[in-house]
Structures are given as structure tokens and as C-alpha cells.
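The values are calculated or read from the model by the stated rules, or taken from the named source; none is laboratory data. Remember, predicted model here, so these are calculated numbers, not experimental data. Every residue, glycine as well, gets a Cβ built from its backbone with ideal geometry; the counts of neighbours run over all protein chains shown. All accessible areas refer to the heavy atoms of the entire protein, side chains included, with ligands and DNA or RNA removed. Shrake-Rupley method; radii C 1.70, N 1.55, O 1.52, S 1.80 Å.
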Amino acid sequence: MSSTAPTAGFLGAVLLAALGCASAPVPREEIAKAELALAQAEAERASAHAPLVMKMAREKLDKARRARDDDKNLRARRLAELAEAEAQLALVEARRVRAESAAEEMQETLRIIEEEIGRGR
Amino acid sequence: MGAEVRHERRVVAAAVAFALTGAGCATPSPPVVEAVGREYRATEDERRVADNAPMQLYEAKQAVKRLRGADPDDAAEVEHLARLARIRIDIARRAGAALAAEQSLTQLGDERDRMLIRARTVEARQLEAEADQAMRRARLLEEQLSELRAEETVRGVVLTLREVLFEVDRARVLPGAEVALGEVAAFLNEFPERRIAVEGHTDDTGDGAYNQRLSEQRASAVAEFLVAHGVERQRMRVLGYGESRPVAPNRTASGRQQNRRVEIVLDRR
């Protein structure tokens, strides 16, 4: 194998990456899915329990839109996909934290009731 | 919050690991792909995830598949798909935990309801036991004292004091009645948390207004005696009903005699 071919391929890939791969389609669907996921997470107030992940998700969506506006569609697609995934992560994390806290509180309630029965005058 | 930092760190670690393997070199299967594959399989093995979050697990599986299908020479895409797959795996894990906690919550809720029922039952039994105790004591009193009759009603234990306790047409308690009333005071103080009603009644002979006043005075006299014998005034309400609540027909002498009475009620709690 000649030593120039992989180098040329590599340089080509770098060039394409630098151009933001303008041949990629506008990631409308990916951005829409990210927006939906963020809206669902916001509706369930996921930022209350997973503020950092929500922040990251929102930032990525903003960057995705800007990249799309800049015709950097590949970059935009990737950012949108990550934004969607992170929004869903925030949502499930918020659910987990809430459910586990509620379960703990319920345990405490049971303990108190048990005591009252035991104390039973 | 620690979980989020872990997420960020994982993302950075993936990027670093990837950079170290040499972006763009024609490696058949980048190490990160194998690493993510292992992480997925570990998650798939977690019962909590497999049982509770099959959909999220499926999404993670699809993401790993997509990662495996990526061109190993396309470093950026591999890195991107690895990040994505790791997030999906994380989602599956947390969804498993969330659903497990929610199920636990439901079971705990049922347990709480059962316990509350038990607690109420225990309480109800205790109240019944106390009510029984009061009635038993009252019956003893009845056996001892001819001037008194004891009965259990919806209101509580009702002691009926016959009119022999009073001078005819007067509201003063006769000296002979003091023993009986003393016993009644002692009985009432055995149940100090319960409220008491002292109620005077007459037959229908004579003026209605006069009977009303007489019944009030007699109730008052009994109440004063009880207070003097240690029963707390705040527990008592003292009322006269005049002729308005007969317990027997007023046309016979014995009926009228029954109507001339004072009732002491030990409230149900």
C-alpha cells in the first residue's frame, strides 16, 4: 500500500469535516425530535432534578439550529441527535429521583404508622 | 447531580479514548465499539432493566447496532454514535431504576392502606373495650344501689336516678342519697376523659314552665354534688328537659314516677 493514499484520504476527510459536509441533508427530523424531547422533559419539569443534563441538551439544540442555519448539516444532525438523547436522559433521571424519594417517604410513613399501632395504648 | 457529572466524564473519556486510538486510521473495529458493546450487554443483564424498561433497552440496542454499522474509518461518526449509544444505555438503566421505584411505591401504598386499616381496627377495639368496661362498672353500681338504673345507649352509659333522691317537689338532694351519689361520682371519675351530661326530667303534672324550672334545679343540684365530690365541672353539661321527654306514659302513677328522674350520661368517646 502506498503511503500517500491513506494520507490523501485522511486529508480529504478532514477537509470534508471542516466544510461541515455540505452534501448532508438538512436534519429537519432530528431537530424536530430533539425539540419534542426537550418539550416533554420541560413539561415534566426535568430541570428540577437533572438541571445539568437539561442545560446541556438545550445548548446542543441551540448549536444544532445554528449549525443548520450555517449549512453545517452533518454537525447539526449530530448535535440534534445528542440533544434528543440528553433530553430523554434528563426526563428519565427526574422520574427516577422522584420515584425513589416518594418510595423513601412512604417507607417513613409506614414506620410511623407501625409505631402508632405498637404504641397502641 | 453526581450522575450528570458522570455522564459528562464518560463523554469526555470516550473522546479521549478515541483520539488515542488514532483518528482516521483504518482499524477494523475501534476499541470504543467493543467497550460500548460490553456496556450494553452488562445493562441487558440487569434484571431491573430487562424487566422494567424493555423499550429503552431496545433503543439502546439499536444505538449499539448503528455504532457497529458505522464506517470504522469515519472517526467522527464512530465517536458520535458511541456517545449516543452510551446515553441510550444510561437511559435504559435509569428507566429500570425509576420503574422499579414506582412499583415499590405502589406496593408500599398498599401496605400503608393495610396498616391504616389495622390501626383503625385496633383503635376501634380499644374503644369498644373501654365502652364495655364502663357498662360493666355501671351494672355493678346498679346492683349496689337501688336508686339507680344503668343502661347502655347510643349516647353512652346512662344512669337513671329515681326521684327518691329528692324531697318531693324540691331540688335538694336528700341526705340518704349522698352515698349513692358518692358512688356515682367515683364511677364517673374512673373515666376522666369522657364528657358527662346531667339531665333533669319531670312528669306532666302541673305547669310546664314550673316543671322546666324544677328539672333544671334538680339537675343542678346533682351536678353540684358531683362537683363537690371531685368530678370536674368542665366535663359536665347540665340541662333540664321539664316534662318534654317522658320515658313512660304519664296517665299511670307508676309511669309518672318513672318520668320523675335525673339522668347522668357518660358520653361515648
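Using Cα pairs closer than 8 Å and at least 6 residues apart in sequence, work out the relative contact order for the range B:148-266, in percent. Once divided by the residue count of the range B:148-266, the mean separation gives 36 percent. With the whole protein complex present, residue B:244 retains an accessible surface near 80 Å², based on a 1.4 Å probe.
With a 1.4 Å probe rolled over the protein heavy atoms of all chains, the accessible area of B:241, B:40 falls in the order B:241, B:40, largest first. Shielding by partners for peptide B:114-123, expressed as the average number of C-beta atoms from other protein chains within 10 Å of each residue's C-beta, is 3. Taking every alpha-carbon pair under 8 Å whose residues sit at least 6 apart, chain B reaches a relative contact order of 15 percent. Couplings 3J(HN,Hα) for the range B:47-64, derived from phi with the Karplus relation 6.51 cos²θ - 1.76 cosθ + 1.60 (θ = phi - 60°), are 4, 4, 7, 4, 6, 9, 10, x, 5, 5, 5, 4, 4, 5, 4, 4, 5, 5 Hz, where x marks Gly and Pro.
Note on residue A:109: accessible area is roughly 50 Å² with a 1.4 Å probe, heavy atoms of protein only.
Our coupling estimate for the range B:227-242, obtained by passing each phi through the Karplus curve with A = 6.51, B = -1.76, C = 1.60 and θ = phi - 60°, is 4, 4, 9, x, 8, 5, 4, 5, 6, 9, 10, 10, 9, x, 10, x Hz, Gly and Pro reported as x.
Taking the Cα atoms only, what angle lies between the long axis of helix B:2-20 and the longest principal axis of chain B, rounded to 10 degrees? So the inclination is approximately 10 degrees. Going 7 Å from the Cα of residue A:48 toward and past its Cβ, which residues in the range A:77-121 have a backbone nitrogen under 19 Å from where you end up? Counting only backbone N, you get A:87-107.
Surface analysis of the protein assembly as shown yields an accessible area of 55 Å² per residue, using protein heavy atoms and a 1.4 Å probe. Sparsely packed loop sites in the range A:26-70 (the trypsin sites (Lys or Arg not before Pro) outside DSSP H, G, I, E and B with at most 13 other Cβ atoms within 10 Å) comprise A:45. The listed peptides B:132-142, B:48-58, B:196-206, ordered by packing as a protection proxy, come out as B:196-206, B:48-58, B:132-142 (highest mean of other Cβ atoms within 10 Å first). The range A:56-108 and the range B:79-126 have Cα centres separated by 23 Å. In percent, rounded to a whole number, the relative contact order of the range A:27-120 is 37, using alpha-carbon pairs under 8 Å and six or more apart. Charge dipole of the protein assembly as shown (Cα centre as origin; +1 on each Lys and Arg Cβ, -1 on each Asp and Glu Cβ, all else neutral): 700 debye, rounded to the nearest 20. Name the shape class, rounded, prolate or oblate, that the alpha-carbon gyration tensor gives for the protein assembly as shown, where a ≥ b ≥ c are the square roots of its eigenvalues, rounded holds for a/c under 1.5, and otherwise prolate holds if a/b is larger than b/c and oblate otherwise. Prolate, since a/c reaches 1.5 and a/b exceeds b/c. The phi torsions of the range B:214-220, fed into the Karplus equation with coefficients 6.51, -1.76 and 1.60 and a -60° offset, translate into couplings of 4, 5, 5, 5, 5, 4, 4 Hz, rounded to whole numbers, with Gly and Pro shown as x.
Return the whole-Å distance between the Cα centroid of the range B:34-69 and the Cα centroid of the range B:225-248. For the range B:34-69 versus the range B:225-248, the Cα centre distance is 79 Å.
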